[in-house]
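First the structure, in the form of structure tokens, and then the observations on it.
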Protein chains: 4
Amino acid sequence: LHARAPGDGSPRLDGILPPLVTPFRPDGALDLVAFEANLEAYAAFDLEGYLVLGSNGEAPSLGEDEKLSLVAAARRGAGGRLLLVGAGLESTEATASLCRKVADLGANAVLVLTPHYYRSQMTVEVLRRHYERVADVSPVPVYLYTVPAFTGVPCPPELPGLLAPHPNVAGIKESSGDLALMGQILASTPERFAVACGSAPVLYPALCLGASAGILAVACCAPGPVARLFRAARSGEHEEARRLQAALLPLATAVTKKHGVAGLKLALTLSGFRGGEVRPPLCGVGVAARDELRTTLERAVAAAGS
Amino acid sequence: LHARAPGDGSPRLDGILPPLVTPFRPDGALDLVAFEANLEAYAAFDLEGYLVLGSNGEAPSLGEDEKLSLVAAARRGAGGRLLLVGAGLESTEATASLCRKVADLGANAVLVLTPHYYRSQMTVEVLRRHYERVADVSPVPVYLYTVPAFTGVPCPPELPGLLAPHPNVAGIKESSGDLALMGQILASTPERFAVACGSAPVLYPALCLGASAGILAVACCAPGPVARLFRAARSGEHEEARRLQAALLPLATAVTKKHGVAGLKLALTLSGFRGGEVRPPLCGVGVAARDELRTTLERAVAAAGS
Amino acid sequence: LHARAPGDGSPRLDGILPPLVTPFRPDGALDLVAFEANLEAYAAFDLEGYLVLGSNGEAPSLGEDEKLSLVAAARRGAGGRLLLVGAGLESTEATASLCRKVADLGANAVLVLTPHYYRSQMTVEVLRRHYERVADVSPVPVYLYTVPAFTGVPCPPELPGLLAPHPNVAGIKESSGDLALMGQILASTPERFAVACGSAPVLYPALCLGASAGILAVACCAPGPVARLFRAARSGEHEEARRLQAALLPLATAVTKKHGVAGLKLALTLSGFRGGEVRPPLCGVGVAARDELRTTLERAVAAAGS
Amino acid sequence: LHARAPGDGSPRLDGILPPLVTPFRPDGALDLVAFEANLEAYAAFDLEGYLVLGSNGEAPSLGEDEKLSLVAAARRGAGGRLLLVGAGLESTEATASLCRKVADLGANAVLVLTPHYYRSQMTVEVLRRHYERVADVSPVPVYLYTVPAFTGVPCPPELPGLLAPHPNVAGIKESSGDLALMGQILASTPERFAVACGSAPVLYPALCLGASAGILAVACCAPGPVARLFRAARSGEHEEARRLQAALLPLATAVTKKHGVAGLKLALTLSGFRGGEVRPPLCGVGVAARDELRTTLERAVAAAGS
């Protein structure tokens, strides 16, 4: 099995990218040391690159200064790997402005979340104009980012096809888990338009359909098994890919749907990475859930095997 | 690629089963002649069996007499193929009673829709008791049927695992299209528990995950391509399966989500089968949509190739 | 405060109508004796009439024979009061047929639930045709019945206005609790079109807006206070109406949203009426909830005062 | 009819407060001149005060500098009237910090939107902690703000009752339009806790239930009729209040649900106020909708009468 052939443009999404968490200290401040330590640890794994300032990075709770210092640190720590940076805000111009700033700091591409506060007004046409304007201005390629569990704004099936002709629109991270929608996106966009799966429970079937990448919370705490799943699917070892998908399923659900970012951060810490604290109003995982999550994590790692 | 090994029990679901439409005459009466003609035509295709009295069969608009005459006709027309019959009603005892009647008429298995009018009361425990009681009484194996687009009741992820130990529960038709859920069902049930995909846009990835069957409206009007998709996936021809999935996607969406049963019936008629009329309040497809559907159908058949 | 003036036609909805429960015996059979005893008890209260075969009457779990015997019993027990009968089914013709049968047995009007299984197809136009056909055929006036909590089909705001000109369409029972919608309905229909509130937590404000009746589960177990609320609102005693509304709120929520029909039946029994059993898959209220409901009931009655 | 008696604390919400729009110039910059002109025009109307930086003020698209200059301008233009300022952000500490800044600039109270990006994590407990922390820190009283149409986070029914004992929590703006919920809030909070209705189509019935204020988009373009509705309800002129409610309904729906902020801004301009442009991705109302809105506005004003 191989994904649709990527275009000639660098950067391309073709592999697994963990959406990095933003560790906070107990006093609420950014913990850049922990952030950098994670990047150093990830260097040993078969990863395509990193996403900074995504949903799992608690971007909505960060000030602009904090965002920029994270991007700078990520650029330093990412080595030659692809650095994708979340830059979506409610205002089109504010988004365009942030794209410029993160590109200046070394982002290879930007991931632009759908505006969503005025969700009933977010028609295909409104979103098309928003993305075209951002892509016109951004110094680096733009990826759409649709995640209705957070935004309430699903990807309109026709939007990716409308935006794909823009030379600076490079693809999408689609995180709804809806593979019928992913099929429609793949069918309506050219091969150079990368489709990244943002929902770990459906990574393997998404790769079967033609997705070329995975940007998944679970890859932060279990980068090895997720990368192996990707390679297995890519090399046609379907039984192995299916087995890894089943092994990762409970963990993938626990660190997103069930416990959210706090669960993911705890799982990082339990896995030897540095999760740090969450920023309020988010709160840490309770004691009972902590034990349950530890068990889920251990079982997933054991099931995934080496 | 192969599905999870089926158990020893007959009947098993392992292939494609069209959910037969119920053709009505212009005066609103059942058109059994058309119904039988369709069965005759389907005999030439690589199908595992048939579903009668499903959602696409307009079961909620049929009286019991009509239901029983359709089952009898289906038994006559199905030859040796598997006959699965929809028997779910709101009341547990009414459901059990209908299971007995259709088994008497030759149903090989029953498909039991979740009760749903009192949806907020449909807890896992309530559904478990309902299905256990029905399975205790039914002379033939019971398949769960979950289709939240119609019922508003999604499959509780833990329900199939709770019911699988019952010797007369044979599997599930899961029609939400949610492959994360399907993965959870597959992971929590033994191999003898058959998982049928009820959502055509995700048939190929569902088969990758381990589903063993497809019960899909589009198989009524395009049985050939759907059956080929199934065989391709089963024999590991992933590129071919993916290609067929993409070819069928617009048609699959048109005959379900977009135009509903009326669209499916029109597509049958346009394909040389006999769709007949829908029963009010459903109404036929308008003139503009008719042309659009014809085009969608022709393109799908052309794209699927021979 | 007075409701919009009713038209000259009998029957009109102008007061409180309890939606009668259908008591079942422990063996699952209809308990007509209990049903009749409740009617006898209700005769002492200030009620406009009764609804039989509504959602709280477990209509979806009843066979047609059972339905007809309930209507006959209700006619005998209702005295000269208005008898409204639920007659909505999925099929238009089946609905029309049931309307005829219940009218023959003495129903003064029929309450016709929106068809809902094929909910995405239930456009304004489809619903309009359905109701017009039923109203053409029904020997007694037709009331629309919209209850999205059960059906998933909200009342299209323009539907009542489209149907109101039909001489045999008499009004609507709107049970969403959405008073913006109720305002739109009242604004788009003439005075002869009765709007009944089907959501007890908003009865008083609905009467302020111009609703002329209430058909509410809580009126089955607390007919006295609900009737007093109605009279207080009608006679302009707003403080008293508001006080009664607040007193009834926890009970109204408990017997519908929280515990469903089983909760309502238990509350009837605790109030000296005869609730009987529910029909599976519904199941009785658990022990802990039983005590909680008893307390809620006692508090509501005490708060409502005499 | 009178609302629940307010407490002794200043400020209290007891009347109509328009949620001010933020006019932008065609080049996208803040138009403070237009903003101030509106305040000057509103001075002639029977209003309790103003809300700045609410949803209709496009707060999510404003930078902090812009927000602060709007607050300063509003303080200058509000005269002695109550100035309520939207200060909710995703992070608890960022919210607390903004509360301090706007209080320094003369806000009399802050309106704190529920955090919502991580909506599945926004449990009652998480929200309780968030509001308690903000109320601990804010120099001025805190009002909750729940608006699920924008946030996807409905007000947990028990939250206001849990927060009401805090001496610096003064009330809530509840904008769901769900009057059953409003009844629960009123029943679970003391009289000093102000409940403001944020949904114009249900203003009159909300006042009947005991709400003490209205913060409503339609009050920006039709302050006179909305204020008259408030006074009529307060003085027990129910027929007049009901009449005004019906007259305002189509306009209220048009400037929120239908056309959003762009519709509201156009309606302001058509009414002689200064709406200005919206900030992209929002876009202006199209030509056809423009005419329709003009008609809706004219009819509402004519129906409301003088």
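The values are calculated or read from the model by the stated rules, or taken from the named source; none is laboratory data. What you see is a predicted model; the values in this text were computed from it and never measured. Because the Cβ atoms are built from the backbone with ideal geometry, glycine has one as well, and the counts that use them run over all protein chains shown. The area values use the complete protein model at the heavy-atom level, side chains included, leaving out ligands, DNA and RNA. Shrake-Rupley method; radii C 1.70, N 1.55, O 1.52, S 1.80 Å.
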Checklist line | Spin-label pair B:Glu64/A:Val287, simplified geometry with 7 Å Cα→Cβ offset, distance in nm | finding: 5.7
Checklist line | Straight-distance crosslink candidates among lysines, where the alpha carbon sits under 24 Å from A:Lys173 and sequence neighbours closer than 8 are dropped | finding: A:Lys67, A:Lys101, A:Lys257, A:Lys258, A:Lys265
Notebook entry, point to check: Normalised by the residues of the stretch D:1-144, what does the relative contact order come to in percent, with Cα pairs under 8 Å and at least six apart?
Noted result: 20
Check: Which Cα, out of B:Leu127, B:Gly177, B:Pro250, lies furthest along the positive dipole direction of chain B (beta carbon charges, K/R +1, D/E -1)?
Finding: B:Pro250
Notebook entry, point to check: What nm value, rounded to one decimal, do you get for the distance between C:Ala44 and A:Val137 when each label is placed 7 Å out toward the C-beta?
Noted result: 7.4
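Chains B and A: buried accessible surface, both sides, probe 1.4 Å, rounded to 100 Å²? Intermediate results must be reported in sequence, preceding the final value.
Numbers: alone 12430 and 12430 Å², together 23190 Å².
Buried area between the two chains comes out at roughly 1700 Å².
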Notebook entry, point to check: Counting pairs of alpha carbon atoms under 8 Å apart in space and at least six apart in sequence, what relative contact order in percent does the stretch D:223-268 give?
Noted result: 25
Note to self: Quick check: the distance between the Cα centres of the stretch A:69-134 and the stretch A:196-268, to the nearest angstrom?
What the structure shows: 24
Item checked: Per-copy distances of the A:Glu64 label point, shortest first, in nm (7 angstrom along Cα→Cβ) -> 1.0, 7.1, 7.1
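Report, for chain B, the % of DSSP beta bridges that are antiparallel, rounded to 5. Don't skip to the end; give the middle numbers.
Working: 2 of 28 bridges.
That works out to approximately 5 percent antiparallel.
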Margin query: Strictly greater than 59 Å: what percent of every Cα pair in the protein assembly as shown meets that?
Written below: 13
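Mind ordering C:239-246, C:72-79 by average Cβ neighbours within 10 Å, highest first?
My ranking of the peptides, most packed first, is C:239-246, C:72-79.
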Note to self: For the stretch D:252-306, take the convex hull of the Cα atoms, compute a quarter of its surface area, and give me that in nm², please.
What the structure shows: 3.8
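About the Cα centre, and with charges only on the beta carbon of Lys, Arg (+1) and Asp, Glu (-1), how big is the dipole of the protein assembly as shown? Nearest 20 debye, please.
Roughly 0 debye for the protein assembly as shown.
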Margin query: Under the convention of a label 7 Å out along Cα→Cβ, give the distances in nm from C:Val137 to the same position in every other copy, shortest first.
Written below: 2.9, 6.1, 6.6
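First select every other residue whose beta carbon is under 14 angstrom from the beta carbon of C:Gly152; then total the charges, Lys and Arg +1, Asp and Glu -1. Write down the numbers at each step before the final one.
Working: positive: B:Arg119, C:Arg119; negative: C:Glu90.
Counting the neighbours of C:Gly152, the net charge comes to +1.
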Notebook entry, point to check: Treating the beta-carbon of each Lys and Arg as +1 and of each Asp and Glu as -1, no other charges, what is the dipole magnitude of the stretch C:168-306 about its Cα centre, to the nearest 20 debye?
Noted result: 260
Item checked: Rg and Dmax of the stretch B:213-306, Cα atoms only, in Å -> 13.5, 44
Notebook entry, point to check: So what's the net charge close to B:Ala232: Lys and Arg +1, Asp and Glu -1, counting the other residues with Cβ under 13 Å from its Cβ?
Noted result: +1
Notebook entry, point to check: Where the eigenvalues come from the Cα gyration tensor of chain C, what are the semi-axes √(5λ) of the equivalent ellipsoid, largest first, in whole Å?
Noted result: 27, 23, 18
Note to self: If I take the rotation axis that carries chain C onto chain B, which residue of chain C has the nearest beta-carbon, and at how many angstrom?
What the structure shows: C:Gly152, 2
Next item on the list: Quick one: plug the Kirkwood hydrodynamic radius of the stretch C:40-88 (C-alpha pairs) into Stokes-Einstein at 37 °C, 0.692 mPa s, and report D in µm²/s.
Entry: 292
Margin query: Counting just the Cα atoms, what span does the stretch C:80-127 cover along each of its three principal axes? Round to the nearest Å and put the largest first.
Written below: 41, 18, 16
Next item on the list: Within the set of other residues whose C-beta is less than 14 Å from the C-beta of A:Ala103, count the net charge using Lys and Arg as +1 and Asp and Glu as -1.
Entry: +2
Next item on the list: Place a +1 charge on the Cβ of each Lys and Arg in the stretch A:101-154 and a -1 charge on the Cβ of each Asp and Glu, then give the dipole magnitude about the Cα centre in debye, rounded to the nearest 20.
Entry: 120
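What relative contact order, as a whole-number percentage, does the stretch B:92-241 give when Cα pairs under 8 Å and 6 or more residues apart are counted?
16
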Note to self: Per DSSP helix of 4 or more residues, -39500 (n - 2.57); summed, then divided by the residues of chain D. What does that give at 222 nm, rounded to the nearest 500?
What the structure shows: -13500 deg cm²/dmol
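Of the listed peptides B:57-69, D:247-259, what is their order by residue-averaged count of other C-beta atoms within 10 Å, with the highest listed first? Could you put the intermediate results ahead of the total?
Numbers: B:57-69: 19.4, D:247-259: 23.2.
Listed from highest to lowest mean packing, they are D:247-259, B:57-69.
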Next item on the list: Could you pull the copy-to-copy label distances for D:Ser235, with points set 7 Å along Cα to Cβ, in nm to one decimal and sorted shortest first?
Entry: 2.7, 8.4, 8.6
Item checked: Ranked by how many other beta carbons lie within 10 Å on average, peptides C:101-113, D:112-124 from highest -> C:101-113, D:112-124
Next item on the list: Count, for each residue of B:199-212, the Cβ atoms from other chains sitting within 10 Å of its Cβ, then give me the mean as a whole number.
Entry: 4
Notebook entry, point to check: At each listed q (0.10, 0.11, 0.15 Å⁻¹), what is the log10 of I(q)/I(0) that the Debye formula gives for the stretch A:91-230 modelled as equal alpha-carbon point scatterers?
Noted result: -0.32, -0.39, -0.73
